[in-house]
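Remarks on the structure that follows.
The values are calculated or read from the model by the stated rules, or taken from the named source; none is laboratory data. Everything numeric in this text was worked out from a predicted model, so none of it was measured. Ideal geometry is used to build each Cβ from the backbone, glycine not excepted, and the neighbour counts take in all protein chains shown.
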């Protein structure tokens, strides 16, 4: 069996849940793997259409279209048509009681086969699938929105990772009776930052795409450099389509930015523990793409690292200005620079915000607690459809 088995004996499990992501499983989506591993009442059966190079992929994960003709020809055909005999067979082979699909766009890729399967379907909307994709111009946007509405008719429950994404889902046609906000959360560990070890002034972690706001961070750093005899240095972890453009921008602005590229989860945690500040300068991209709820925000806070962020999407559902972090308007480098400068100059402020942030995550965004809630949703869905 390709199930994630741990904790209690498998015989005590209440059911089997297929957890699906088309590209299984990007390094940036540790939250999906963690959620699978945290299930206790149910057994997770990880399923992907195609495999990506990532340390998150386990040998027992079920990948429908492996290398060769299956990946090059059959997988694109299945995605375009919405029909996948291999997915339907996986549901039967694995004796699934429920399918949980991450990202609305991935659920759309299974739109026709889902109508032919009898198991209940839970879909989680994360961000771009409810913001950027529906806003595509012309025919592409119309088709996507129509397919989303049909998906919502088929889904038993639609989960949104933040209140902002829930509001977008309502506008796209999710019936209120099917819609729930469910924070994924993160694991709560005992590690906490230690001031003598904080040799990184400002740390950014994330994909190098427009909505992450790294261009605004570079502009903010340029403002700080022009007004300080000892300008702060920043470390940027991650890559993406804007990598070269952001390298060039940092060089042109003559700011101290070290680009580290991708790093493992263990390396990221080590960097977090060395940071004075974690910056999350997210914003709405020109194409409408928005964050759901940035996981790195919670990863920093749970370690006691103070965060400087923007009032964007679900960020304000986690960070309260002056209480457990500092917030400014999105796309405002001057305000971002002011908050960075203030936090860097005041170690006591950083300690206070870091401790408050850690406690807030422990109480409200603990993955163990959130996964218990998710399993309650699974149990209710399965009971209602039997």
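Some observations on this one:
- Members of region 35-64 that are assigned to a loop (DSSP other than H, G, I, E, B) and in contact with a helix residue (DSSP H, G or I) (Cβ under 6 Å, 6 or more places away or on another chain): 41, 56, 64
- Residue match in region 267-275 (condition: part of a loop (DSSP other than H, G, I, E, B), surrounded by fewer than 21 Cβ atoms within 10 Å (Cβ to Cβ) and at pLDDT below 95): no
- Residues of region 34-59 satisfying the condition of being in contact with a strand residue (DSSP E or B) (Cβ under 8 Å, 6 or more places away or on another chain), without any contact (Cβ under 8 Å) to a residue 60 or more places away in the chain and closer than 25 Å to residue 377 by Cβ: 36, 37, 43, 44, 45, 46, 47, 48, 58
- For residue 314: the one exception among (1) part of a loop (DSSP other than H, G, I, E, B); (2) modelled with pLDDT under 95; (3) crowded, with 24+ Cβ neighbours inside 10 Å: (1)
- Conditions (1) over 21 Å from residue 186 (Cβ atoms); (2) without any contact (Cβ under 8 Å) to a residue 60 or more places away in the chain; (3) outside any helix (DSSP H, G or I); number of the one not met by residue 339: (3)
- Taking region 344-386 as the range and being closer than 30 Å to residue 196 by Cα and in a loop (DSSP other than H, G, I, E, B) as the test, the residues that pass are 346, 365.
- The listed residue being assigned to a strand (DSSP E or B), under 30 Å from residue 241 (Cβ atoms) and assigned by TED's automatic domain parsing to the domain that holds residue 36, out of 203, 159: 159
- The number of residues in region 180-197 being touching a strand residue (DSSP E or B) at 6+ places or on another chain (Cβ under 7 Å) and part of a strand (DSSP E or B) comes to 2.
- Hey, residue 160 at pLDDT 95 or above, touching a strand residue (DSSP E or B) at 6+ places or on another chain (Cβ under 6 Å), under 29 Å from residue 302 (Cα atoms) and buried (at least 20 other Cβ atoms within 10 Å of the Cβ) or not: yes
- Note on region 112-154: residues that are in contact with a helix residue (DSSP H, G or I) (Cβ under 8 Å, 6 or more places away or on another chain), in a helix (DSSP H, G or I) and closer than 24 Å to residue 375 by Cα total 5.
- Every pair of residues 6+ apart whose Cβ atoms lie under 7 Å, when the first sits in region 263-289 and is not assigned by TED's automatic domain parsing to the domain that holds residue 351 while the second is surrounded by fewer than 18 Cβ atoms within 10 Å (Cβ to Cβ): none
- Qualifying residue in region 210-220 (condition: more than 23 Å from residue 306 (Cα to Cα) and modelled with pLDDT of 95 or more): yes
- Residue within region 162-170 that is assigned by TED's automatic domain parsing to the domain that holds residue 35 and assigned to a strand (DSSP E or B) present: no
- From 292, 288, residue being assigned to a loop (DSSP other than H, G, I, E, B), at pLDDT below 95 and crowded, with 20+ Cβ neighbours inside 10 Å: 292
- Meets criteria (under 22 Å from residue 32 (Cα atoms) and in contact with a strand residue (DSSP E or B) (Cβ under 6 Å, 6 or more places away or on another chain)) for residue 100: yes
- Verdict on residue 360 being surrounded by fewer than 22 Cβ atoms within 10 Å (Cβ to Cβ), closer than 14 Å to residue 185 by Cβ, free of Cβ contacts under 8 Å to residues at least 60 places away in the same chain and not assigned by TED's automatic domain parsing to the domain that holds residue 177: yes
- For region 6-34, filtering for residues that are at pLDDT 95 or above, touching a helix residue (DSSP H, G or I) at 6+ places or on another chain (Cβ under 9 Å) and closer than 22 Å to residue 297 by Cβ leaves 2.
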